[in-house]
Structures are given as C-alpha cells and as structure tokens.
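Just so you know, all these numbers are worked out from the coordinates, no wet-lab data involved. A quick note: this is a predicted structure, and the numbers were derived from the prediction, not measured. Every residue, glycine as well, gets a Cβ built from its backbone with ideal geometry; the counts of neighbours run over all protein chains shown.
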Amino acid sequence: MLKIIKLAILFFLIISQSFAGVWTRQKGSGYSQLSFTTKSYQNRYIGGYSDTEIFRMRRAVTQTGFFFYGEYGISDKLTLITNIPFYSLNTSNVINTDPANPYSDTLAAGSLTGLGNVNVSLRYPVKTDGLLISLQLSTEINSSVYDDFTGLRTGFDAWTFTPSILLGKGFSNQYFSFETGAFIRTNGYNQGIIAHAEYGWTPNNKTYLIGVTNGVFKLTNGTYNDKNSKHTATFIDNQGYIAIGAKLFQKISSHFSLNITYFTGFAVINEGDNPGGLYFGLAYEW
C-alpha cells in the first residue's frame with residue numbers, strides 16, 4: 001500500500017525540478033513536487049529576433065498554473081520523468097482601445113481551464129564519473145484545450161519530441177548542470193533548440209541558492225494557424241525567448257522541501273509581455 005501511495009504522489013502531486021539536470025534516480029526512489037504560479041500581462045511581442053515590436057492587447061490576460069512534476073527510478077540507470085501542467089486563464093472585462101493594436105476586432109471576455117501539454121521523459125546516464133553525461137528523450141502530448149470565443153489556449157496544439165544531452169557535476173557544496181537539445185513539433189509549428197543551465201551553492205546541504213538560465217530558439221518558421229490566440233499570446237507559433245531566474249530550495253525534513261523560483265525574460269519574440277513570474281513548490285522525496 002505504501003508503494004501505491006508513493007506512486008500516486010508521484011503522478012498526482014508534482015513541476016519544476018528542484019535540481020534540474022544530469023542526475024538520475026536509483027531504482028525505486030523518487031521525487032515529486034506540486035508547484036503554483038500566476039501572472040498577468042496586457043502587451044504582446046510580435047515579429048522576429050531582429051524586428052520585434054510590442055503592442056497593447058485589447059484585453060489583459062491572467063494565467064494561473066498548477067504543475068505536477070515527478071521523477072522515478074525505473075532502474076538504477078533509467079529514470080522516468082513526468083510534468084503535468086494545469087492552467088486557468090481569463091481575459092479582462094476592460095477593453096483597451098490603443099490604436100497601435102494591429103488587430104481591429106475585439107474578442108469577448110471569458111475564461112478557460114484545462115490541461116496543458118503533459119510531458120513524459122526518459123533519462124539515461126552514459127558517463128557516471130568526473131563530468132557526468134546523460135541522454136534524455138522528452139515527449140509533450142497534444143493534451144491542451146482551446147477556446148476560439150476568447151482566444152485562450154492552455155498549450156500547443158501539437159505533439160513535441162525533444163532529444164537532449166545533459167552535462168553536470170556536483171561538488172561538496174555546489175553543482176552545475178547544462179542541457180541542450182532540439183525540439184520537433186508537429187502540426188506545422190516551428191522547430192528549434194532548447195538550452196538550460198543551472199548553478200547551485202549550499203552552505204549546509206539543506207539550503208540551496210540556485211541561478212538558472214533558460215532559452216528557446218526557433219530554427220524554422222512555423223505555418224500553424226494560431227486563430228484567435230494571436231489576440232492573447234497564449235502558446236502561439238514561432239515563439240522564442242531567453243529567461244534568467246533564481247531559486248531558493250529549502251529542505252524542511254528528510255522527505256519534504258520547499259522552493260521558490262523567480263524568472264524574468266528578455267530577447268522575447270511572439271509572446272505576451274510578462275516580465276517576471278514567481279513559482280512556489282512543495283516537494284516530497286523518497
């Protein structure tokens with residue numbers, strides 16, 4: 001029964017990894033985390049890397065997300081990773097009449113709640129001494145929902161496959177990790193590469209201060225019809241960004257921990273103008 005409870009926690013109390021990186025789980029061990037974030041924005045970017053413009057949307061968008069993340073050691077080398085996002089979005093009742101908006105029509109205000117793109121990954125180590133190296137294959141399921149009435153969307157209308165390579169090393173009171181890979185997205189969306197880097201330091205092996213950098217860079221121009229999502233900048237085609245952030249990870253017992261993450265973005269294209277976001281997480285590890 002205890003094993004069943006642990007597996008239930010893994011798949012239903014789970015985001016953002018406490019220590020994203022090259023490391024794998026031992027057989028039967030696991031990590032699960034429930035995270036929460038909320039943000040609002042009323043502007044969006046449009047264009048490419050060299051000609052990005054920003055304009056005021058007709059209605060502001062508020063996005064609240066709950067993320068269930070987990071890792072489980074299938075064997076001493078193979079680790080199963082899952083991320084289940086759940087979003088609640090709404091658009092403001094207030095209409096902005098900024099003439100700089102390139103879209104003449106105004107959508108109705110409303111809300112949308114549903115799953116985002118559920119992610120399932122497998123991670124396997126290929127070098128386990130010195131500089132550690134692992135390979136990972138991630139699949140994002142086309143499990144999102146869309147409302148044409150409001151233009152709101154909870155994820156990409158596509159399957160995404162991302163093979164990646166991860167490098168990292170731990171020391172007595174610090175660690176670093178780096179990941180890079182290429183994503184292939186179906187249904188006419190753009191293709192591109194991802195990059196993720198972390199550096200963490202701890203004074204006591206209970207409190208970790210972590211710096212994070214994330215990047216998504218498009219390599220092709222997608223042809224997906226965003227429909228009315230162009231009004232809300234929710235999971236539209238041809239996105240790209242670089243984001244930097246900081247994490248505070250705090251162990252509160254031998255099994256439980258808390259973490260807070262703050263991200264802010266720059267070099268953003270084809271997204272909503274949300275300059276900063278806070279993530280709060282509660283994790284259980286066994």
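Could you pull out which residues in segment 34-50 have an amide N less than 14 Å from a spot 7 Å beyond the Cα of Asp273, following the Cα-Cβ vector?
40-47
Counting other beta carbons within 10 Å of each Cβ, put Val216, Val120 in order, fewest first.
Val120, Val216
Counting other beta carbons within 10 Å of each Cβ, put His231, His255 in order, fewest first.
The order, fewest Cβ neighbours first, is His255, His231.
Per DSSP H run of n ≥ 4, the term is -39500 (n - 2.57); total these for the chain, divide by its residue number, and report the mean residue ellipticity at 222 nm rounded to 500 deg cm²/dmol.
The per-residue figure over the chain is -1000 deg cm²/dmol.
Fewest first, what order do Tyr49, Tyr279 take by the number of other Cβ atoms within 10 Å?
By the 10 Å Cβ count, ascending: Tyr49, Tyr279.
Taking the Cβ of Asn221 as the centre, find all other residues whose Cβ is under 14 Å away and add up their charges (Lys, Arg: +1; Asp, Glu: -1).
Net charge in that neighbourhood comes out at -1.
Which whole-angstrom value gives the distance between the alpha carbon centres of segment 85-153 and segment 191-210?
23
Hey, what do the phi angles of segment 56-62 turn into as Karplus ³J(HN,Hα) couplings, whole Hz, using 6.51/-1.76/1.60 and θ = phi - 60°, x for Gly and Pro?
These are the phi-based 3J(HN,Hα) values: 7, 6, 5, 10, 5, 10, 10 Hz.
Student exercise: in segment 2-285, how many lysine pairs 8 or more apart or on different chains have Cα atoms under 21 Å apart?
Value for segment 2-285: 20.
Check Phe183: other-chain or 5+ apart residues with amide H under 5 Å from its amide H, H built from backbone geometry?
When sequence neighbours closer than 5 places are left aside, the close amide H contacts are Gly192, Ile193, Ile194.
I'd like the FRET efficiency for Ile193 and Ala100, computed as 1/(1 + (r/R0)^6) with the beta carbon distance as r and R0 of 30 Å, rounded to 0.05.
So the FRET efficiency works out to roughly 0.40.
On full extension of the chain, what length is gained from Ala108 through Phe280, given 0.36 nm per residue of separation minus the C-alpha to C-alpha distance?
Result for the pair: 58.8 nm of gain on full extension.
Taking R0 as 51 Å, what FRET efficiency do you get between Ile165 and Phe55 from their Cβ-Cβ distance, rounded to the nearest 0.05?
Between Ile165 and Phe55 the formula returns 0.85.
Taking θ as phi - 60°, what are the ³J(HN,Hα) couplings along segment 146-152 by the Karplus curve (6.51, -1.76, 1.60), each to the nearest whole Hz, with x for Gly and Pro?
Each residue's phi maps through the Karplus curve to give 9, 10, 5, 5, 9, x, 8 Hz.
Ordered by residue, what ³J(HN,Hα) values in Hz, to whole numbers, does segment 130-144 give under the Karplus form 6.51 cos²θ - 1.76 cosθ + 1.60, where θ = phi - 60° and Gly and Pro are x?
Those phi angles translate into x, 6, 6, 9, 9, 10, 9, 10, 10, 10, 9, 7, 7, 10, 7 Hz.
For Thr62 and Ile133, what does the FRET efficiency come to when R0 = 35 Å and r is the distance between their Cβ atoms, rounded to the nearest 0.05?
0.30
If you take the Cα atoms of the chain, find Rg, then find the Kirkwood Rh from the mean of 1/r over all pairs, what is Rg/Rh?
Expressed as Rg/Rh, it is 0.98.
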